[in-house]
Every structure is written in structure tokens, then in C-alpha cells.
Amino acid sequence: MANKACIGKVLIIGGGYAGISCAIQLMESNFHVILIDSKISFLKKTQLHYSTHFPLSRLRVEYQKISKRFGFDFICSNVQITLQLLKAWQREKQLKIEGRNIEFDYLVISTGSRSSYCLKDGKEDCVDLEGLRKRSAGKFLQNLLRQDKPCPKISLIGGGVTSIQFLFEIHTWLQKRQKGFELHLFYKGDRLLPSYPQTFHDYCTNKLSEHGIHYHPNLWLKETKPDRKIIFENKQNKNIEIDSDLSFIFTGVKPYPTLFQTDAYGRIVISSDHKNEKILENVYAAGDCSSYPEGLNSLTAQAAVRKGQLVATNILRYSKKQELMKYLYPCLGSFVSLGPWDGIGWLLVSFNTLKGLSAFTVKEAVKASLGPIA
Ligand SMILES: Cc1cc2nc3c(=O)[nH]c(=O)nc-3n(C[C@H](O)[C@H](O)[C@H](O)COP(=O)(O)OP(=O)(O)OC[C@H]3O[C@@H](n4cnc5c(N)ncnc54)[C@H](O)[C@@H]3O)c2cc1C
């Protein structure tokens, strides 16, 4: 591994939007950077719903290629992270990977998030986000159509961005290939896209009825059964059983392995109780697995990239004994895709809503802000 006249060695665990942005920026300042990820390729998660139409390979970029392009080192390994280990790593400035000790000056944890619903592996008729990282939505749909059912029933569970984006892509895919089908959307609440203004829900529900998609609010997913049945609970605590030939579960994600609290500069803060907080001076967190005291903390690539870049800035400033920068990044816009050439988004202020074709301006602006890994 190259060790040119570097000004410090940084280990980054997790090569998603946060980890890669951090690595790229650090490389501009002559750090020796080692990126560690449990997978061999980076997945463009923000475009995962398009895998309804094309193979997953189009969304994957091998880490070897990225590391070669930007000049950092890459190790493929699944690193166990616990509170005890974090304290030890801060103390010893080294960690053991694949049987060998690797020393560092700074460590960045950017391990992202995972599905909050735990679905057992290997189901043909029921899939969650983890499953869709291994096999595209298109493959699941092709398998369903091979069964030659006259009117297959497809269900999507969840009312957030991921579920809505997949829903409209799946609708487009089915329309091109199947005469009769039923598409159902189930959601535990009554307002779709709850983190967005009411206009987003209204626009979206109009599109659902325009396309003949059945919408079932206020149903809470309880259980998926092996015989293509799903059990929901309604507001009156009554169980409702529905048949579904293929179900997509998008009930949200949670930080992995846990949510790391940081100070305003991105350094992990640990506390045994609320009084005794300790800053790990050399251990930073960025992306979905981090919570900063101020600024945009949403589980988005937009926030992940900004946090990754801030951590890189602060590692450089710390090494030069300069004052650290606070994370204050505000959300500048957001976009939800509703199938080809349609969507809804906001730019600069949340009431500046753009719909349909014009919403694509927001999409492009948000995409551009993700930098070279968009
Ligand atoms: C379908 C979909 C559409 C989305 N659309 C948008 C969008 O339009 N705009 C937007 O801003 N956001 C969007 N998001 C959210 C966005 O993808 C996430 O917020 C973003 O990926 C978070 O980046 P991250 O770097 O924190 O984590 P991730 O991208 O999840 O990367 C984490 C990395 O860490 C690795 N890792 C995890 N644990 C370990 C370990 N123990 N050891 C080694 N490696 C490990 C993983 O393999 C992974 O590569 C979307 C998400 C989905 C699923």
C-alpha cells in the first residue's frame, strides 16, 4: 500500500455516499486513506427503484475501480463495531482487520442504515430492501409473470419515498407487459410521504387513483406468512389477512449498527449516563448512522455526502491545529419520483413546490450535489 509523504492515516469503515465523499476529499489533502466495506462494490442506492427496468449491475461500481480512480486503498471486510471497541480504538489507534493490525490517526464510521423490518431470506413472493440489493425488482416481477396468473396481485407496504418511487416504476413495468394486474399500497398512517408538505400527499394520492392503484391507509404490517398471505392490524386492533402474489416491504430503515451521536464537528460522543459524556477525539461518524446536534440529519444521500465532506474538512483542520467547522448544512431541496417524467419536489423552501416535468430540475440539482458518485 502506498504511503507517500502523507499528513496522516485515515481508516473509513463503510463505503456508501458518506464514506466515499470523505475519502475523495481527504485524498486531495495528501492523507493516506483506507476504505473498508463488507461488499466488493458500491451500490447507487438512490437509484435502486430503477432496477425494476434494468439489472443491478448498472447500479454497481467496484470499489477497486473507485479506489484506483481517486488513489485510496480498499479492503473488503465486515468490521464488528461496538461501544467497547470504539473506546479501545480511540485509545490504541489501531484495529484488527482480517487478522492484521492496522494503525490509524483518524477513524470514520459511515456504516449507513438497514431495513427496520426483519424479513427471513429466500422468499420468492416477499422481498425487502436488503433482498433488492441482491436481486433486482425486475427479476422478482419476471418470476411472477412466469406463473401465468390472469390477474396477479402485487402489494407494496410503506408510505415513504422508497415505497412510492418503487410503486410507480413497478406500475410502468407491469403496464408494458401484463394486461390484468392489481397493484396495492398499504401504509400504517393516513398521510403518504409524512416528512414532506401536505401537497406531496395530495399529488401522490391523485396519481394513485389516476393509475388505478388501490391505496389502503391505517394498516400496520404485523406478519408475512409463507402461503402468500400478509397480516395487518387496523386502527381497531383487528387483524386483517390479505392475499398477495408478490409483496415489497418498505417499512423504513434504521441506522446500522446503531445511531452514533456526535458533537457539532462530527466526532463520536459516548456517554454511560447523560452526565458523563466523552468525545472520541479521533473517531468520527457520518451518514445515516450519525446524528449531529444541528443541520440536516435526515437519512438521505444529500445529508450523508455533506457530513462525509465535513468530517474530511475537520480531520484536515485538526491535523493542522486549526479551529474545527460546525455542521450546519440545511436541506436545499428534495425530490420524489413518480414514474417516468413525473415527480414532485421542492427547492430552497419547502413551499416552493414543483410538480411533473419541472420537478426534474430539483432532481438534477439534488443529484449534482452528490458529486462524482451520483
Ligand atoms: C430506493 C432508495 C432511494 C433513495 N433515494 C434517495 C434520493 O433520491 N436522495 C437522497 O438524498 N437519498 C435517497 N435515499 C437514501 C440514501 O440512499 C441513503 O441516505 C444513503 O445511502 C446513506 O449513505 P451512507 O453513506 O450513510 O450509507 P450507505 O449508502 O448505506 O452505505 C453504508 C456502507 O457501509 C457498509 N457497511 C455497513 N456495515 C459495515 C460493516 N460492519 N463493515 C464494513 N462495511 C459496512 C455497507 O456495505 C455500505 O456500503 C434513497 C434510499 C433508497 C433505498
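The values are calculated or read from the model by the stated rules, or taken from the named source; none is laboratory data. What you see is a predicted model; the values in this text were computed from it and never measured. Don't worry about glycine lacking a Cβ; one is built from the backbone with ideal geometry, like all the others, and counts go over all protein chains shown.
Report whether or not residue 111 is within 12 Å of the ligand (Cβ to nearest atom), in contact (Cβ under 8 Å) with a residue 12 or more places away in the chain and in a loop (DSSP other than H, G, I, E, B). Yes, satisfied. Of the residues making up region 35-94, those that are basic (Lys, Arg) and on the phi < 0 side of the Ramachandran plot are 39, 44, 45, 58, 60, 65, 68, 69, 87, 91. Among the residues making up region 95-115, those that are modelled with pLDDT under 95 and on the phi > 0 side of the Ramachandran plot are 98, 99.
Of the numbered criteria (1) within 26 Å of residue 255 (Cα to Cα); (2) under 23 Å from the mean Cα position of the chain (by Cα), the one residue 342 fails is (1). Highlighted here are the strands (runs of 3 or more DSSP E) found entirely within region 189-233 that include at least 3 residues which are out of contact with any Leu (no Cβ under 7 Å at 6 or more places or on another chain) and exposed (fewer than 15 other Cβ atoms within 10 Å of the Cβ): 220-225. With respect to (1) more than 10 Å from the ligand (Cβ to nearest atom); (2) surrounded by fewer than 19 Cβ atoms within 10 Å (Cβ to Cβ), the lone exception for residue 369 is condition (1).
Here is a yes/no grid of residues against (1) more than 8 Å from the ligand (Cβ to nearest atom); (2) in contact with a strand residue (DSSP E or B) (Cβ under 8 Å, 6 or more places away or on another chain); (3) assigned by TED's automatic domain parsing to the domain that holds residue 290:
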residue	(1), (2), (3)
16	no, yes, yes
20	no, yes, yes
27	yes, yes, yes
37	no, yes, yes
42	no, yes, yes
54	yes, no, yes
61	yes, yes, yes
74	yes, yes, yes
82	yes, no, yes
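Within region 291-333, the set of residues being closer than 30 Å to residue 360 by Cβ, buried (at least 22 other Cβ atoms within 10 Å of the Cβ) and among the small types (Gly, Ala, Ser) comprises 301, 303, 304, 308.
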